[in-house]
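Input: a single structure, listed below in C-alpha cells.
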2 protein chains.
Amino acid sequence: MESSLDSTQMDIAGSGLPLPTLPPIAQPGDALAQVDTPALVVDLDIFEDNLRLMQDWAVRHRVSLRPHGKAHKCPEVALRQVAQGARGICVQKVSEALPFLAAGIRDIHVSNEVVGEPKLTLLACIARQARVSVCVDNLANVAELSRVATAQGVRLDVLIEIDVGQGRCGVASPTAALELARRVESLPGLRFAGLQAYQGSLQHLRGHTERATACREAAARAAQCARAFREHGYACAIISGGGTGTAEFDAPGRVYTELQAGSYPFMDVDYGENEWAGELSFRNSLFLLSTVMSTPAADRVIVDAGLKSTTVECGLPRVHGRTGLKYAAANDEHGVVRLAAGAVAPALGEKLLLVPSHCDPTFNLHDQLVAMRNGVVEGVWAISGRGHSR
Amino acid sequence: MESSLDSTQMDIAGSGLPLPTLPPIAQPGDALAQVDTPALVVDLDIFEDNLRLMQDWAVRHRVSLRPHGKAHKCPEVALRQVAQGARGICVQKVSEALPFLAAGIRDIHVSNEVVGEPKLTLLACIARQARVSVCVDNLANVAELSRVATAQGVRLDVLIEIDVGQGRCGVASPTAALELARRVESLPGLRFAGLQAYQGSLQHLRGHTERATACREAAARAAQCARAFREHGYACAIISGGGTGTAEFDAPGRVYTELQAGSYPFMDVDYGENEWAGELSFRNSLFLLSTVMSTPAADRVIVDAGLKSTTVECGLPRVHGRTGLKYAAANDEHGVVRLAAGAVAPALGEKLLLVPSHCDPTFNLHDQLVAMRNGVVEGVWAISGRGHSR
C-alpha cells in the first residue's frame, strides 16, 4: 500500500500523449459567466472614472500624479495612467520596475531604500533606460548607490526619505536629512532631488476630519524639513508622498509636489470603510469572480476563492450585489458564504462577485486581470509584476 | 507638472538598449548570504528527515501516504515524496495538477469538488494520462462528471466527500453519501472508490490530548459512514483524510486508508504552536530569507519581506536564530522588526531568516524554492503550481 508509483501509472506515463494545458481564463467577447474562476476582474467604466478623477484632482491642485505600480503590478494599467497625464510611476521594489520598463514607462521612482549588490546593480541598469529616482535614509547606502551608478555610467535622482509619523523607514530629523543630502551632492552619479514623506498609516484613518487633521500634521513635518533645506541652500524640487486615502488633503496642501497614490483605480473593502465626505470619492472597480462549488446546507454555500485568491489581513472580502450573502470564512482554496434567513441561495455553478478587502496583495496573487465593460470581456491584461518582490 | 512623459524620457525610450533582466535568485554553490531576497529557503537535511518520518509512520501503520501538493506546489518536492514511497499526490484545484503531471506524477487525487465546464474538461483530459480521483457532494455534479469522462473516453475514480465536522463541503449523512455512491455506480465513466473525510480545523487544535479526542470523534463519523456503505454492499477501498496535525492519530486509528498531509515537510509558526507530545514531531525546514534594508532607530530595523512574501492570516512570521528580535508588523513590502533592550542590532544589508506563519499560502507567493544544505545552495526548485487556483 505504501509502494511507489505502480505499474499502471508507469504505463500511462509512457503513453506519449501531449500534456493538457490550462485554457485561457477568458477571451475578448466573453460574458462574465464564461470567465473561468477564480478571476480578478476590473469594471473598465468605473476604473476609467477613477483614473480621471484623481488626474483631474492633481491637475487642479498643480501637483504631479505618480501612481504607485505596487498596487496593481500591471503595465496595461500604468500605460493608461501615463496616457492620462501621470508623470511616471512609483514602484516599491527594484525588480517590480522591469515589466513597466519593458512596457515603455521611462520615469520610475523606487519609493523605497535599495540595499544589497544585486538590487543596486539592477537599479543602475534600469537607470540606463529611464529616469530613475530612489529613496535613501542611510549614509553608507548613499555611498553604495554612488559606486554602482558610477560603475554603470548613470545618474540616479535621490530623495531623502523622512519619517513623518509612519515609524518605518526614513530619518526622523531635518538635521539627519540634511546630512544625507550633503552626502548625495558630494558623490558622483547621484543628484539630490528632494524628499519623500509618505505616511501609510493615515490612508485608512476612518473619519474624514480625523484624516484631514493627521494629514496636516504629517505635511507640517515635511514642510518643516523642506524649510530647513532651503535655509541651507537646498531646494527640494520634489516632495513626494500621499496615497489614495489622503490625496484629498495632500494635493491642495501646498507641501507635496507629487502624489504616490496606488489603490484609487480599484479600491477595496478596507478603503470603502473610510468616510469619503469630500470631493474625492472613488468607486470600487475591482472584483474577484468566484464559482459556487458546493451547496452543502441551506445556510451556506462554498465558493472556489480562498486565501490563495484574496488576502485577508484587512478583513474578509464582501459578496457584491447579493443581499443576505456573507463571505464568512476564508480557507486556503475555499470561501464559506453564509446565507441569512430568506436570502436567495445561489445554485451550484453560479458565479459570485466578491470585493477584495485589500487590493495590493490581492493583485500579487493573480497573473491576469480580466478587463470588462458592460459585462463583456474587453481584454485580459498580464499582471507581469506579480511576485516581483526583490 | 502634470504633463505626460517628457522629451528626455522619450529619448531614453528610443535608445535601443537591451532591457535589463532579473538575475537568478541564487545559484548552486552560493552561500546563504549570496541569495537575493526575499527568498523562500528550505533546509534539505531537515526536509528529508520530515519526509522520512511521515513515510515511516504511514508504513508502520499500513496506510498510504498521499501528500498534499497544495502545500508546496513544487514538483521537485512531490517527486521526492513519491520516490520515498508516497502513493501519489493530492491537489486541491484541477489546474494545480498540471505541473505535477508534467513532472511525471501519475496518480493524482483532486481532494475537492470540481464544478464548471472548463475545469471538468481539464480534469478529464488529465485522466487520459494519470489515475485521477475526485470528490463529489452533489448529485447533479456526478452527472456532469460522467458526461465529461464519457466524452473524453476516460474513467474517473470518485470519492464521496462526507462532512466529519469541518462544516465546509461534503454531505452530512450516510444516507446522502450512499445516494451519491449509487449515482456514481449507475453512470458511465465513473467508479466509486471510497470516501473523503477530511477535518481541517482539527489540524491546529493545540493540546495533544484535545487533538487526539477530536480525531477519534471525526474518525468515528467516517467509520459509521463506511459501515453503512458495507451494509449496503459498497466497499470503501479508500478512506482519505488526515493532515500534518492529526496524522499521529489518524494513521493508527484503523479508519483511514490514506493520509493527505501537506505541511509536514516544511512546518510553520502555526504548526509549531501545537503540542507535539507523541512520536510524530516534525521540525521546521522552511524559512523566508530577508534583508535589513533600513536601520532607522535603535529599537527597530526594517526588512524587505512583508505581506507579498509571507501571509499573516495565521499570525506574523518569527525571526529565526536571533534573540531579542521580533517581527512586529507586516506592511505590503516591509517587515518591522523590533529589538528588545540589549539585543544585538542587525546591520544594514544583513540577512535575517524568518519562519513563515502559514506555509501553504506563503509558497503560493513565490516562484522558486531555494534548496540548501549546510548553508550552501544545492538547487533552485520551481514552484510551478504557484497561482494555479483554477
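The values are calculated or read from the model by the stated rules, or taken from the named source; none is laboratory data. All values derive from a computational prediction rather than experimental measurement. Virtual Cβ from ideal backbone geometry, glycine too; neighbours counted across all protein chains shown. Please note that ligands, DNA and RNA were not included when accessible areas were found on the heavy atoms of the full protein model with its side chains. Shrake-Rupley method; radii C 1.70, N 1.55, O 1.52, S 1.80 Å.
Excluding residue A:307 itself, what net charge comes from residues whose Cβ is under 10 Å from its Cβ, given Lys and Arg +1 and Asp and Glu -1?
Net local charge, residue A:307 excluded: -3.
DSSP beta bridges in chain A, what fraction antiparallel, as a percent rounded to 5?
Antiparallel: roughly 50 percent of the beta bridges in chain A.
Quick one: Cα centre-to-centre distance for the range A:204-223 and the range B:56-109, in angstrom?
53 Å
Taking H as built 1.01 Å from N, whose amide H comes closer than 5 Å to the amide H of residue A:196, not counting residues under 5 places away?
When sequence neighbours closer than 5 places are left aside, the close amide H contacts are A:160, A:161, A:162, A:240.
Compare A:54, A:372, A:267 in a GNM of chain A, Cα atoms joined below 10 Å, and give the one with the largest fluctuation.
With Cα springs under 10 Å in chain A, the top fluctuation among A:54, A:372, A:267 is at A:372.
If one takes the accessible area of chain A alone plus chain B alone and subtracts that of the pair, with a 1.4 Å probe, what total in Å², rounded to the nearest 100, results?
Approximately 7900 Å² gets buried when A meets B.
Mind putting a number on the dipole of the protein assembly as shown about its Cα centre? Charges go on the C-beta only, +1 for Lys and Arg and -1 for Asp and Glu, and I need it in Debye to the nearest 20.
140 debye
Per residue Cα convex hull volume for the range B:245-351, in cubic angstrom?
Per-residue hull volume (Cα only) is 113 Å³.
Based on the alpha-carbon set only, what is the convex hull volume of the range A:22-106 divided per residue, in Å³?
125 Å³
Long-range amide H contacts for residue A:328: which residues qualify at under 5 Å (H placed 1.01 Å from N, peptide plane, sequence gap of 5 or more or a different chain)?
Counting only residues 5 or more places away or on other chains, the set is A:336, A:337, A:338.
Where does the longest stretch of chain A lie that holds no GluC sites (Glu not before Pro) found in a DSSP loop with 13 or fewer other Cβ atoms within 10 Å?
A:1-272
Compare A:388, B:72, A:232 by solvent-accessible area with a 1.4 Å probe and give them largest first, with all protein chains kept in place.
Result of the area sort, largest leading: A:232, A:388, B:72.
Counting only pairs 8 or more residues apart or on different chains, how many lysine pairs in chain B have their Cα atoms under 20 Å apart?
The number of close lysine pairs in chain B is 10.
What number comes out for the charge environment of residue A:122, summing +1 per Lys or Arg and -1 per Asp or Glu over other residues with Cβ under 12 Å away?
+1
Please give the per residue accessible area of the range B:131-245, computed with a probe of 1.4 Å over protein heavy atoms only, in Å².
Result: 38 Å² per residue.
Looking at the protein assembly as shown, what % of its DSSP beta bridges pair antiparallel, to the nearest 5?
Within the protein assembly as shown, antiparallel bridges account for around 50 percent of the total.
Let me check I've understood the local charge: for residue A:47, count other residues with C-beta under 14 angstrom from its C-beta, Lys and Arg +1, Asp and Glu -1. What total comes out?
Here the count lands on -3.
If only Cα atoms are counted, what is the Rg of the protein assembly as shown, and what is its Dmax, in Å?
My reading of the Cα-based Rg and Dmax gives 27.1, 91 Å.
Work from the charge dipole of the range A:98-143 (Cβ charges, +1 for Lys and Arg, -1 for Asp and Glu, about the Cα centre) and give the residue of A:105, A:132, A:120 farthest towards its positive end.
A:105
With +1 assigned to the C-beta of every Lys and Arg and -1 to the C-beta of every Asp and Glu, and no other charges, what is the dipole magnitude of chain B about the Cα centre in debye, to the nearest 20?
Using Cβ point charges on Lys, Arg, Asp and Glu, chain B gives about 1320 debye.
Tell me, what ³J(HN,Hα) does each residue in the range A:39-54 have, in order and in whole Hz, if you take phi through Karplus 6.51 cos²θ - 1.76 cosθ + 1.60 with θ = phi - 60° and put x for Gly and Pro?
So the Karplus estimates, Gly and Pro as x, are 9, 7, 10, 10, 8, 5, 4, 5, 3, 5, 4, 5, 4, 4, 4, 6 Hz.
Bins of 20 Å, beginning at zero and ending with the bin holding the largest distance: percent of Cα pairs per bin for chain A, please.
The distribution over chain A is 26, 50, 21, 3, 0, given as percents.
Quick check on chain A: helices-only [θ] at 222 nm, where DSSP H runs of length 4 and up contribute -39,500 (n - 2.57) each and the sum goes over total residues. Nearest 500, please.
-8500 deg cm²/dmol
Using only alpha carbon pairs under 8 Å that are at least six residues apart, calculate the relative contact order of chain A and give it in whole percent.
21 percent
Considering only A:321, A:170, A:200, give the residue with the highest GNM mean-square fluctuation for chain A, with springs between Cα atoms whenever their separation is below 10 Å.
A:321
Can you give the Kirkwood hydrodynamic radius for the range A:208-270, in Å, rounded to one decimal and based on Cα pairs?
After inverting the pairwise mean of 1/r, the radius is 12.6 Å.
Report, to the nearest whole %, how much of the accessible area of the protein assembly as shown belongs to carbon and sulfur atoms, 1.4 Å probe, protein only.
51 percent
Relative to the compact globular guide of 2.2 N^0.38 Å, what is the alpha carbon radius of gyration of the range B:94-203, as a ratio?
1.03
Order the following by accessible area, largest value first: A:131, B:318, A:62, A:230. Probe radius 1.4 Å; ligands, DNA and RNA are ignored.
The residues order as A:62, A:230, B:318, A:131, largest area first.
Relative to the Cα centre, what is the charge dipole magnitude of the range A:88-145, using +1 at the beta carbon of each Lys and Arg, -1 at the beta carbon of each Asp and Glu, and rounding to the nearest 20 debye?
240 debye
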